[in-house]
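Peer 1: Encoded as C-alpha cells, here's the structure I'll be asking about.
The values are calculated or read from the model by the stated rules, or taken from the named source; none is laboratory data. Everything numeric here is computed off the predicted structure, so don't read it as measured data. Methodologically, a virtual Cβ is constructed for each residue, glycine included, from the backbone with ideal geometry; neighbour enumeration extends over all protein chains shown.
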Amino acid sequence: MEIFTEDLLEDTTSLFAVEEQIYDGEVNMMFYHHHNHYEIMYMTHDKRLMCIGDRKYELNQNNVALLPPYLAHKATGIGSLTKRRILINFKKEFISDMLPDDSLFSIFNMETHVFEFDNETREKIRKYFEDILQIYLYDNFYKDYHLKLKLCELILLINKKGVGEEIVKIDDDIAKKFTSIAHFINNNCHSKITLDMISSTFDIDKYQLSRQFKDYLGASFVTYVNTVRITRARRMMLNGLNNVTEIAFTNGFDSPTHFSRVFKNMTGKTPKQYMKELHAVMPKE
C-alpha cells in the first residue's frame, strides 16, 4: 500500500533545518507526502519531475520550488546523472520577529510553485543557498541571526526575480479533467466520494478512471481520497479538536473505527496516540 504521510511531529521543537542531498541515478518517491513547515528546494545538478498538488513540473538545474505547509508532493528522477539539491525547511516562527507582517509568505501560496531565473539572478540564488548551508553546518557566531537574515533575503529575491511559470504544465484534455477531479475531491472530502460518483460527474469511464488515476495524480483513487481526508483530520487535531468521532464524520469517514484504521495505516499511530503526542509538545498557554 502506498502511504501519504510525513509525521507532523517530526522535529517539532526545531524551527529551521538545511539538508544537502547528493545521489546517483533514479531516486523516486513512491508516495505523496507533506510537511507541517515551509520547504524551499533548490536543484543544483540535473533535474527532477515533481508532482505538487494536482500539477506536474520539471524542476531543472537552478530552479527553485516553494512548498507551503500541508501541500502534497512527490519527486522522481529524470535521467541517470548525479543529482544534488539543497532543502531549506523552516516554520513561520523562525523569521516572524524579522518581519512586519506575513506578506513575505504570499509567494508560497501562488498557483505555481516552481520558479526559474535569469542568468545573473541564478548566481545570486546559488550563492544564497550555499551560504545558508555553510552557516547552518559550520558557523556558530550569531548563527540564528545570520540564517534568518539570509533566508528573508532569499525569499525576497525569489519574489522579485522569480518567473513563476510551470515548466511542465498539464495541458492535455484528460490531464485537465484529472486536475478538476483533484479539486473536486479536495473540496468534497467531507462527503461520501466513490469511483462511480467521479465517473458520472466527470463523464469518464469508470475503468479508465481507475487505470489512469495513479498516472495523473500519483496515487490510487482510494489512497488519494484517504490522504486528503487524513491531512484535514491532522490539521483539525493541530487546531485543538480532539473528538475522534467528530473528526471522523467531518472528514467523510463512515465510522470512527474506519477512520482510526486508515489513520493508523497512514501515520503509524492511532488518532488518540497521535493527539497525545501532539499535546505533549504543544506550548502550554
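Peer 1: Against the conditions (1) more than 30 Å from Ile174 (Cα to Cα); (2) among the hydroxyl-bearing types (Ser, Thr, Tyr); (3) buried (at least 19 other Cβ atoms within 10 Å of the Cβ), where does Ser255 fall short? Just the number, please.
Peer 2: Looking at each condition in turn, Ser255 falls short on (3).
Peer 1: I'm trying to understand the selection: among the residues of the stretch 177-202, which are hydrophobic (A, V, I, L, M, F, W, C) and modelled with pLDDT under 90?
Peer 2: Answer for the stretch 177-202, where residues must be hydrophobic (A, V, I, L, M, F, W, C) and modelled with pLDDT under 90: Phe178, Ile181, Ala182, Phe184, Ile185, Cys189.
Peer 1: Please identify the pairs in which a residue from the stretch 109-126 that is of a type in the set (Val, Ile, Thr) has its Cβ atom under 9 Å from the Cβ atom of a residue that is at pLDDT 90 or above and loosely packed, with under 13 Cβ neighbours inside 10 Å, counting only partners at least 6 apart or on another chain.
Peer 2: Thr121/Lys160
Peer 1: From the list His258, His279, His183, which residue is farther than 20 Å from Tyr70 by Cα and assigned to a helix (DSSP H, G or I)?
Peer 2: His258
Peer 1: For the stretch 128-140, indicate whether the set of residues that are assigned to a loop (DSSP other than H, G, I, E, B), surrounded by 14 or more Cβ atoms within 10 Å (Cβ to Cβ) and within 22 Å of the chain's Cα centre (by Cα) is non-empty.
Peer 2: No, there is no match, as no residue in the stretch 128-140 is assigned to a loop (DSSP other than H, G, I, E, B), surrounded by 14 or more Cβ atoms within 10 Å (Cβ to Cβ) and within 22 Å of the chain's Cα centre (by Cα).
Peer 1: Checking the structure you have, find out if any residue of the stretch 165-174 is closer than 24 Å to Leu59 by Cα, in contact with a strand residue (DSSP E or B) (Cβ under 6 Å, 6 or more places away or on another chain), at pLDDT below 80 and exposed (fewer than 15 other Cβ atoms within 10 Å of the Cβ).
Peer 2: The answer is yes, given that some residue of the stretch 165-174 is closer than 24 Å to Leu59 by Cα, in contact with a strand residue (DSSP E or B) (Cβ under 6 Å, 6 or more places away or on another chain), at pLDDT below 80 and exposed (fewer than 15 other Cβ atoms within 10 Å of the Cβ).
Peer 1: I've got another one for you. Against the condition surrounded by fewer than 14 Cβ atoms within 10 Å (Cβ to Cβ) and either more than 18 Å from His35 (Cα to Cα) or assigned by TED's automatic domain parsing to the domain that holds Cys189 (or both), how does Lys264 come out, does it pass?
Peer 2: When the stated conditions are applied, Lys264 does not pass them.
Peer 1: Given the condition surrounded by 13 or more Cβ atoms within 10 Å (Cβ to Cβ), in a strand (DSSP E or B) and modelled with pLDDT under 90, answer yes or no: does some residue in the stretch 85-103 qualify?
Peer 2: Taking every residue of the stretch 85-103 in turn, at least one turns out to be surrounded by 13 or more Cβ atoms within 10 Å (Cβ to Cβ), in a strand (DSSP E or B) and modelled with pLDDT under 90.
Peer 1: Being within 13 Å of the chain's Cα centre (by Cα) and within 16 Å of Gln21 (Cβ to Cβ) is the filter here, so list the residues in the stretch 45-62 that pass it.
Peer 2: Result: Met50, single match.
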